[in-house]
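The values are calculated or read from the model by the stated rules, or taken from the named source; none is laboratory data. Quick caveat, the model's predicted, so the values are computed rather than measured. Note that we place each Cβ from the backbone using ideal geometry, even for glycine, and neighbour counts take in every protein chain shown.
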Amino acid sequence: MELLSRTITKDFLHLFPREEWSFRSALRSQTMAFTHDYHRYPAKFIPQIVSKLIREYAPNRTQVVLDPFGGCGTTLVEAKLLGHRSIGFDINPIAKLITQTKTTPINPNTLTNHRSIFLDYYNCAPSTSYKHHPRIDYWFDEQSIAELDKIYFAIKEIKNHNVRRFFLCAFSHNLKNCSRWLMKSIKPTIDKNKVMPDPKKSFLRHLDSMIKKNYQFYCRLELLGYRDVVASMYRKDSTKMWI
Ligand SMILES: C[S@@+](CC[C@H](N)C(=O)[O-])C[C@H]1O[C@@H](n2cnc3c(N)ncnc32)[C@H](O)[C@@H]1O
């Protein structure tokens, strides 16, 4: 073990920082392009780094890209944009939901139609009382819970699987906004002064931005002929045998 660590350290001594791997000047519009800002996630890759890695180390499009700690799917999105099939694993079910949403372009007209269908479902949503987690009152006020229940109810009514998942992804992203969680913290911290947004307005705002991004992603993939390139995301523990 010590020998291995000494060898690795020695190898790293010959490595020098290379400017071409620095993406300091990348704009937010570039790092958040296409579907990359569908959902916040801790420690996301900078997509430009992943794209360069794939282009350098997998120059042939027949090569399959694997990310065993896939997170919110930055690698799988970039692989698809480059025409590579990809596989991702993550132990977190939300990572799977986000990645599958981010790698599935949806016909823009289908999404626009479903936005109206969703609003119809929302407008006739009953005052459902879901069985909530006992700690929900710690994070959400009563009014927000009632509104979020109605949004969730309306989403569950959507029949098209990919569209329902798209809306669920927007819903999941919006939960932090509507809770007492301090926005700038990734650790669960209460913000005593937080002004709660209207859950429906903030949900629709994010949904609309996702609909725009889906349009760009869809058009780019259509143009390149990569729309049907497969990106498979599984909920798996990568430290265990999975084959
Ligand atoms: C830093 S995040 C990866 C973020 C990713 N690079 C991106 O851009 O979205 C690390 C991920 O590893 C996942 N993870 C941790 N232990 C794991 C395990 N044993 N098997 C699979 N995934 C695991 C976590 O759930 C988390 O999503």
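From LYS212, LYS187, LYS194, LYS200, which residue is within 16 Å of the ligand (Cβ to nearest atom) and either out of contact with any Cys (no Cβ under 7 Å at 6 or more places or on another chain) or in the same structural domain as PHE34 (by TED's automatic domain parsing) (or both)?
Only one candidate passes the filter, namely LYS187.
Could you tell me whether any residue of segment 166-179 is hydroxyl-bearing (Ser, Thr, Tyr) and within 16 Å of the ligand (Cβ to nearest atom)?
Checked against the condition, which is being hydroxyl-bearing (Ser, Thr, Tyr) and within 16 Å of the ligand (Cβ to nearest atom), segment 166-179 yields at least one hit.
Contact map, segment 35-49: residues that are more than 9 Å from the ligand (Cβ to nearest atom) paired with residues that are at pLDDT 95 or above and in a loop (DSSP other than H, G, I, E, B), Cβ distance under 6 Å, separation 6+ or inter-chain. Pairs shown: HIS39/CYS72.
Looking only at segment 50-83, count every residue that is near the ligand (Cβ under 10 Å from one of its atoms) and without any contact (Cβ under 8 Å) to a residue 40 or more places away in the chain and tell me the total. Even if it seems obvious, please write down each step before you answer.
Taking segment 50-83 as the starting set, the residues that turn out to be near the ligand (Cβ under 10 Å from one of its atoms) are 50, 67-78.
Still in the running and without any contact (Cβ under 8 Å) to a residue 40 or more places away in the chain: 50, 67, 71-72, 74-75, 78.
Adding up the residues that qualify gives 7.
Of all the residues in segment 60-108, those that are in contact with a Lys or Arg (Cβ under 6 Å, 6 or more places away or on another chain) and of a type in the set (Phe, Trp, Tyr) number 1. Any residue at all in segment 15-29 that's within 16 Å of the ligand (Cβ to nearest atom) and surrounded by 20 or more Cβ atoms within 10 Å (Cβ to Cβ)? No, segment 15-29 contains no residue that is within 16 Å of the ligand (Cβ to nearest atom) and surrounded by 20 or more Cβ atoms within 10 Å (Cβ to Cβ). Of all residues in segment 4-23, those that are in a helix (DSSP H, G or I) have Cβ atoms under 9 Å from Cβ atoms of residues that are surrounded by 10 or more Cβ atoms within 10 Å (Cβ to Cβ) and modelled with pLDDT of 70 or more, 6 or more apart or on another chain, in GLU20/LYS52; TRP21/ILE49; TRP21/LYS52.
Let's see how each residue does on (1) within 16 Å of the ligand (Cβ to nearest atom); (2) out of contact with any strand residue (DSSP E or B) (no Cβ under 9 Å at 6 or more places or on another chain); (3) within 20 Å of TYR215 (Cβ to Cβ); (4) hydrophobic (A, V, I, L, M, F, W, C):
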residue: ILE91; (1), (2), (3), (4): yes, no, no, yes
residue: THR103; (1), (2), (3), (4): yes, no, yes, no
residue: ARG115; (1), (2), (3), (4): no, yes, yes, no
residue: PHE118; (1), (2), (3), (4): no, yes, yes, yes
residue: TYR121; (1), (2), (3), (4): no, yes, no, no
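Assess whether LYS236 counts as being within 16 Å of the ligand (Cβ to nearest atom) and touching a Phe, Trp or Tyr at 6+ places or on another chain (Cβ under 9 Å). So LYS236 passes the test.
Tell me which residues, restricted to segment 81-133, are closer than 19 Å to ARG220 by Cβ and exposed (fewer than 11 other Cβ atoms within 10 Å of the Cβ).
Scanning segment 81-133 gives a single hit, ASN109.
Condition (residue is in contact with a strand residue (DSSP E or B) (Cβ under 7 Å, 6 or more places away or on another chain) and outside any helix (DSSP H, G or I)) applied to segment 126-133: is it met by at least one residue? Give the derivation first.
In the first step, residues of segment 126-133 are kept if they are in contact with a strand residue (DSSP E or B) (Cβ under 7 Å, 6 or more places away or on another chain); the result is none.
Among the residues of segment 126-133, not one is in contact with a strand residue (DSSP E or B) (Cβ under 7 Å, 6 or more places away or on another chain) and outside any helix (DSSP H, G or I), which makes the answer no.
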